[in-house]
Amino acid sequence: MKDKVSVAACSGMSNFGLICRAVASDLSENEEDIASICITSTAANDKAPDLINKYPIIALNGCSNACVDKILEKKDIDVNDSINVMDFANEHDLKAGEVARLGEEGGEKTVQELKKYVFKKIKE
């Protein structure tokens, strides 16, 4: 990976929102070339932080509402890639766990698989 990439995760109160946040957090903590965007702060503020316009963005949307994409679009910020995590989980026969707990067989496995998928997309 040559350049830094930003990951913007869903902050919705759903099990897939929790998975999005876990993936963004893990990737940004473990990879120096990946930054995490706080979509809630982005939505709440009039001006987007400089970080958002600095690097390409991968949006992790928890469902088909695509709130992350919509928030960034309203701020005139381009998304380079968008992933519907609910669709990803369904396509790979993965579970989401509960709204506030990942669980080993449910959400945690989905987090691990989604991290691999996002990291692969970043490398491309």
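Filtered by the rule that a residue be under 17 Å from the mean Cα position of the chain (by Cα) and under 14 Å from PHE16 (Cβ atoms), the stretch 98-116 gives VAL99, ALA100, LEU102, GLY107, GLU108, LYS109, THR110, VAL111, GLU113, LEU114. One residue alone among VAL79, VAL68 is touching a residue at least 60 places away in the same chain (Cβ under 8 Å), in contact with a Ser or Thr (Cβ under 9 Å, 6 or more places away or on another chain) and not charged (D, E, K, R), and that residue is VAL68.
Considering only residues that are farther than 16 Å from LYS120 by Cα and open to solvent by 30 Å² or more (accessible area, probe 1.4 Å), which ones fall in the stretch 1-11? If the condition is that a residue be farther than 16 Å from LYS120 by Cα and open to solvent by 30 Å² or more (accessible area, probe 1.4 Å), then SER11 is the only one that fits. May I ask you to verify whether ASP78 is of a type in the set (D, E, K, R) and either assigned to a helix (DSSP H, G or I) or over 18 Å from VAL5 (Cα atoms) (or both)? Here the answer is no, as ASP78 does not meet what is asked.
Among the residues in the stretch 39-61, are any at pLDDT 90 or above, among the hydrophobic types (A, V, I, L, M, F, W, C) and part of a loop (DSSP other than H, G, I, E, B)? No, there is no match, as no residue in the stretch 39-61 is at pLDDT 90 or above, among the hydrophobic types (A, V, I, L, M, F, W, C) and part of a loop (DSSP other than H, G, I, E, B). Quick check: anything in the stretch 31-54 open to solvent by less than 60 Å² (accessible area, probe 1.4 Å), over 29 Å from GLY103 (Cβ atoms), over 10 Å from the mean Cα position of the chain (by Cα) and of a type in the set (Gly, Ala, Ser)? Within the stretch 31-54, one or more residues are open to solvent by less than 60 Å² (accessible area, probe 1.4 Å), over 29 Å from GLY103 (Cβ atoms), over 10 Å from the mean Cα position of the chain (by Cα) and of a type in the set (Gly, Ala, Ser). Of the residues contained in the stretch 13-25, one or more are found to be at pLDDT 95 or above, farther than 14 Å from MET86 by Cα and either open to solvent by 50 Å² or more (accessible area, probe 1.4 Å) or hydroxyl-bearing (Ser, Thr, Tyr) (or both).
The set of residues in the stretch 94-124 being modelled with pLDDT of 95 or more and at positive phi is empty. Residues satisfying the criterion are present in the stretch 3-11 (criterion: assigned to a strand (DSSP E or B), of a type in the set (A, V, I, L, M, F, W, C), in contact with a Lys or Arg (Cβ under 7 Å, 6 or more places away or on another chain) and under 23 Å from GLU113 (Cβ atoms)). Would you confirm whether or not the stretch 97-118 contains a residue that is touching a Ser or Thr at 6+ places or on another chain (Cβ under 9 Å) and buried (at least 17 other Cβ atoms within 10 Å of the Cβ)? Yes: the stretch 97-118 contains one or more residues that are touching a Ser or Thr at 6+ places or on another chain (Cβ under 9 Å) and buried (at least 17 other Cβ atoms within 10 Å of the Cβ).
Exactly one residue out of ASN90, ASN61, ASN53 is under 16 Å from ALA9 (Cβ atoms) and not acidic (Asp, Glu), and it is ASN61. A count restricted to the stretch 82-100 and to residues that are in contact (Cβ under 8 Å) with a residue 24 or more places away in the chain and either hydroxyl-bearing (Ser, Thr, Tyr) or in a loop (DSSP other than H, G, I, E, B) (or both) stands at 6.
The values are calculated or read from the model by the stated rules, or taken from the named source; none is laboratory data. None of these values were measured; they are calculated from a predicted model. For neighbour counting, all protein chains shown are included, and Cβ atoms are generated from backbone atoms with ideal geometry for every residue, glycine included. These area figures cover heavy atoms from the full protein model, side chains too; ligands, DNA and RNA do not enter into them. Shrake-Rupley method; radii C 1.70, N 1.55, O 1.52, S 1.80 Å.
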